[in-house]
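> First the structure, then my questions, so here it is.
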Amino acid sequence: MSTLLDVKTEAYSCNSCGHSQSPDLPDLAGYYDTDYKISLASDDHDQLYEMVEGQPVFRMAKQAELVLLHSNPPHGARVLDYGAAKAATLRAIMAKRPDIRPAVFDVSQDYRAYWTNWVAGDDQATYRCPEEWSGQFDLVTAHFVIEHVAQPVEVFQDIARLLAPQGEVFFTVPDVISNPGDLLVVDHVNHFTASSIDAALWQAGLVTESVTNDYRGAFVVVARKDTGIERAPSSQNISAKVIELRDIASFWTEARKTLLGAASEHGKRKAVIYGAGFYGLWISSVLAGRQRISGYLDQNPYVRQAAPVGPVFDPLDPPKGIEVVYAGLNPAIARYVLPEWLKSIGLSAQIVYLDGGA
C-alpha cells in the first residue's frame, strides 16, 4: 500500500501456540472496504517476487504455480478465491486449467469490474459468502489474506463450511521469523508461526496436510476438513518461537538506532534507498529530515511506472553521484543482493544494512 498510518506498533505473543497478534486497526472492516486499494494502480499491476536470470517473476504467477504444485483439483472443479482482490492468481491458474469453474469473494466492491467478464454472477460474492455456497468447493485458495483478519479461526471456520467433503484449502501467510518486516506491517494483525497455523486450523475443524516455505518469507499451507479422528495440534518448541518473536522486536529497535547513527554520519551525502517496498518505506520514515535522499531503486517496472513514492529508478540506471545506499530489502537477502548489484554496475558506494554495519 506504501502508506504510513499514525498508530502505535504493538504485538503480543502467545506462550501456548507461538502466535503473535497486533491490535486491530480502527474501523478494520471500513479500511478493507474502501481504503485498501491493493494492486489497483493499473490493470496489470503486480508485485515482483524475484529475478531469475535477469527476468522478473511476479507474485501472481508464483502463487498460481504453487497452487498447482501443492493441490490437484479434479477436472471441472469449483475453485474459490477467498479474499480475491482482482483474482489475478485465479486467472493465471485457469490459463493452465481452463476446465475449472471459478468463484470469487472479497470484503469490498472495488474489484467487481475485474471479475465481470470471466466469473458468472452467481459465483461472485462480497462481504459474506452466501449460505448456498456451503459444501460446494473442491478447492478454496486464500493468498496473503489471513494475516489481515481480526479473527483468523472464524475465517478458517467459514472456509471449512465452504469446502466439499474431500475439498482442500490452500493458503499463504507471511512467516514472521524469516520475514521480520511482517511484525511492523500495520494492517497485518496476525503474525504466524508454523505452530500457530496448526493450532488455528485445528480450532476451526481443519487438519493440516502440509506447511512449507516454498514462497520466500511465507508459509504455503494445505489443509482439509477434519475426518473426525480425535487429534490435537502438533507439539513444537513454543518457547523457542516466542523468544524468536521477541528477538525480532528487539531487531527493529536496534535497526532504528542503526539508521539514526548512519544519518548522523552520512546525512549530507547523496543517498538512495534500494527497495520501494515495505522495508524501503520504513527506512524513509525513520530518516525523514535527517538524510539527503535522492529517491528509491526498485526492479519492479510497475512500481517505477506508477510510483506511490518517488522518484523510483531502475537499479541499472541509478542517479549520478550516489555515495550511500540504504538497504531497503529483507535482511535475509540484502547482503547478497546489494554487493552483487554494485559490482554489476561498477558503482562504489557505502551500503547501510538494517542489521548493522556497512
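The values are calculated or read from the model by the stated rules, or taken from the named source; none is laboratory data. Quick caveat, the model's predicted, so the values are computed rather than measured. Because the Cβ atoms are built from the backbone with ideal geometry, glycine has one as well, and the counts that use them run over all protein chains shown. Heads up: the accessible areas ignore ligands, DNA and RNA and are worked out on the full protein's heavy atoms, side chains in. Shrake-Rupley method; radii C 1.70, N 1.55, O 1.52, S 1.80 Å.
> Return a yes/no flag: does segment 203-219 have any residue that is touching a residue at least 12 places away in the same chain (Cβ under 8 Å), open to solvent by 10 Å² or more (accessible area, probe 1.4 Å) and over 27 Å from Val67 (Cα atoms).
So far as segment 203-219 goes, no, none of its residues is touching a residue at least 12 places away in the same chain (Cβ under 8 Å), open to solvent by 10 Å² or more (accessible area, probe 1.4 Å) and over 27 Å from Val67 (Cα atoms).
> Just give me the residues in segment 343-357 being open to solvent by 20 Å² or more (accessible area, probe 1.4 Å) and without any contact (Cβ under 8 Å) to a residue 40 or more places away in the chain, in sequence order.
Matches in segment 343-357: Lys343, Ser344, Ile345, Gly346, Leu347, Ser348, Ala349, Gly357.
> How many residues are at pLDDT 95 or above and open to solvent by 40 Å² or more (accessible area, probe 1.4 Å) when one looks only at segment 100-123?
Within segment 100-123, residues that are at pLDDT 95 or above and open to solvent by 40 Å² or more (accessible area, probe 1.4 Å) number 5.
> Would you say Arg161 is of a type in the set (Lys, Arg) and closer than 12 Å to Tyr82 by Cβ?
Yes.
> Would you point out the residue of segment 136-174, among those that are open to solvent by 10 Å² or more (accessible area, probe 1.4 Å) and acidic (Asp, Glu), that is farthest from Leu4 (Cα to Cα)?
For segment 136-174, the residue satisfying everything is Asp138.
> Going by the structure shown, is Thr126 in contact with a Lys or Arg (Cβ under 8 Å, 6 or more places away or on another chain) and either at pLDDT below 95 or open to solvent by 10 Å² or more (accessible area, probe 1.4 Å) (or both)?
yes
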